[in-house]
Amino acid sequence: MWDVAIVGSGPAGASCAAFCAAAGLRTLLLERAHFPREKVCGDCLNPTCWPVLERLGVAGEVRAVPHGKLSTVEFIGVDGRSVAAPLPSGANAEIAIRRSVLDHILLRRARSLGAEVREGETLLSVRREKQWEITTTHSQVSAAILVGADGRNSTVARLCNLMPRKGRDRVALQTHIPLQQDFGDRVVLQLLREGYSGQAPVGDGLLNLCLVSRPNDLSKIKSWAEQKFAIPCDHPWRTIAPLARAALPASQPGLLLVGDAARVVEPFTGEGIYYALRSGELAAAAIVARNDQQYGRAHERLYAGRLWINALARAAVEHPRLTSNLLRFLPNERRLLRLLTTKVVRP
Ligand SMILES: Cc1cc2nc3c(=O)[nH]c(=O)nc-3n(C[C@H](O)[C@H](O)[C@H](O)COP(=O)(O)OP(=O)(O)OC[C@H]3O[C@@H](n4cnc5c(N)ncnc54)[C@H](O)[C@@H]3O)c2cc1C
């Protein structure tokens, strides 16, 4: 009998497991993959993550492993016009780090604090009796509290009948390619007729390349990238969908959802890892306090006052040509983009 069973060891699950284990709870972390594993992501670590990483005791390790330092964000319109905005510098700088590296550090931290981490175990079913009866591909366990940290296509949410019906949405492609020597220490967010692309150096001579488009435009946007970055057509890409879906109730008695499982945000602003880490921490605090409702309220506060900018970004990237034209004619477009950037990356 576990105090808490957490499904999924991305930043949300690993953070929740680490804080639960540190507080002395019998903590089980179930993860279907074997780490280190990659994940479809722009790999950018918003400066707001640093305080959580400090409290987890891994900030030093994250700073020490290969990563790309990002001093500016460059927005490029469909017409090729570009505007750059500075990013925070110093210890709280924005960096780009491969998810195979970041997530492995977090998983190891949860394990070192006393969580039992079972890799290669996929959740199959859950049944609610007095406690949760959880079946995976390898074992059957009981737990007082169940935490769904299994991402945007959460099996926990689906098994608990919480998942909304899938609509038609955009698709993301992601890969790592050799970094061009003159790329510089910038993250590029480029609007394209077919959607958008994100590009960021992640260290070890690699560039993270993300493409987002409607399914019908996927082959066109992929051809654009293959041509621009001289990528062979048999190069492997990772893919994920949907990019947007309705938010789910983050807390119910005995059941908490953290990270993308609870709420998915538009990737363009690069905040998902922060929400995952912090919601994992908030969920752990509520579990330790035996107060599920505390998490529900804290989860709402986490997003309050921040979501409008994400919604604005989504509207902008869903209409790339209109956005590019608007920016061309807007007075003070440089100031506006700098202001919006500061709002997203404020520590
Ligand atoms: C194209 C794109 C670009 C992005 N770029 C950025 C960015 O630059 N910066 C940023 O901060 N955010 C970015 N995001 C968002 C970010 O990737 C997510 O918000 C973040 O990964 C959420 O973390 P999580 O722990 O909730 O879920 P995940 O990271 O998805 O982790 C879920 C874990 O659960 C496991 N799992 C799933 N199902 C099961 C199961 N049935 N049983 C057991 N385990 C299971 C998975 O293997 C996985 O390890 C981007 C997203 C996309 C799609």
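Values computed for the structure shown
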{"quantity": "Output for region 125-142, where each listed residue is free of Cβ contacts under 8 Å to residues at least 24 places away in the same chain and either more than 16 Å from LEU29 (Cβ to Cβ) or in a strand (DSSP E or B) (or both)", "calculated": "ARG127, GLU129, LYS130, GLU133, THR135, GLN140"}
{"quantity": "Subset of region 278-293 [under 22 Å from LEU29 (Cα atoms) and assigned to a helix (DSSP H, G or I)]", "calculated": "ARG278, SER279, GLY280, GLU281, LEU282, ALA283, ALA284, ALA285, ALA286, ILE287, VAL288, ASP292"}
{"quantity": "Elements of type strands (runs of 3 or more DSSP E) in region 167-239, at least 1 residues being free of Cβ contacts under 8 Å to residues at least 24 places away in the same chain and assigned by TED's automatic domain parsing to the domain that holds LEU337", "calculated": "195-203"}
{"quantity": "Criterion (modelled with pLDDT of 95 or more and either of a type in the set (Asp, Glu) or surrounded by fewer than 24 Cβ atoms within 10 Å (Cβ to Cβ) (or both)) met by exactly one of VAL258, VAL264", "calculated": "VAL264"}
{"quantity": "Residue satisfying condition, being in the same structural domain as GLU31 (by TED's automatic domain parsing), within 15 Å of GLY205 (Cα to Cα) and of a type outside the set (Phe, Trp, Tyr), within set VAL62, VAL101", "calculated": "VAL101"}
{"quantity": "Qualifying positions in region 323-339 - out of contact with any helix residue (DSSP H, G or I) (no Cβ under 6 Å at 6 or more places or on another chain) and part of a helix (DSSP H, G or I)", "calculated": "SER324, ASN325, LEU326, ARG328, PHE329, ARG334, ARG335, LEU336, LEU337, ARG338, LEU339"}
{"quantity": "Residue count for region 110-131, restricted to those that are surrounded by 19 or more Cβ atoms within 10 Å (Cβ to Cβ) and either within 14 Å of the ligand (Cβ to nearest atom) or not assigned by TED's automatic domain parsing to the domain that holds GLY254 (or both)", "calculated": "5"}
{"quantity": "Residues of region 34-46 satisfying the condition of being part of a loop (DSSP other than H, G, I, E, B), near the ligand (Cβ under 7 Å from one of its atoms) and out of contact with any Lys or Arg (no Cβ under 9 Å at 6 or more places or on another chain)", "calculated": "GLY42, ASN46"}
{"quantity": "Of all residues in region 143-166 being within 12 Å of the ligand (Cβ to nearest atom) and part of a loop (DSSP other than H, G, I, E, B), the one that is surrounded by the fewest Cβ atoms within 10 Å (Cβ to Cβ)", "calculated": "ASN153"}
{"quantity": "Restricting region 259-277 to residues that are more than 7 Å from the ligand (Cβ to nearest atom) and outside any loop (DSSP other than H, G, I, E, B), the residue that is farthest from VAL52 (Cα to Cα)", "calculated": "PHE268"}
{"quantity": "Subset of region 156-166 [of a type outside the set (Lys, Arg), touching a residue at least 12 places away in the same chain (Cβ under 8 Å) and over 13 Å from LEU256 (Cα atoms)]", "calculated": "LEU159, MET163, PRO164"}
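Yes/no matrix, rows are residues, columns are (1) more than 30 Å from GLN199 (Cα to Cα); (2) in a helix (DSSP H, G or I); (3) within 17 Å of the chain's Cα centre (by Cα):
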{"position": "SER9", "(1), (2), (3)": "no, no, yes"}
{"position": "ALA14", "(1), (2), (3)": "no, yes, yes"}
{"position": "ALA18", "(1), (2), (3)": "yes, yes, no"}
{"position": "ALA21", "(1), (2), (3)": "yes, yes, no"}
{"position": "LEU25", "(1), (2), (3)": "yes, no, no"}
{"position": "GLY60", "(1), (2), (3)": "no, yes, no"}
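The values are calculated or read from the model by the stated rules, or taken from the named source; none is laboratory data. What you are looking at is a predicted structure, and each value in this text was computed from that prediction instead of being measured. Because the Cβ atoms are built from the backbone with ideal geometry, glycine has one as well, and the counts that use them run over all protein chains shown.
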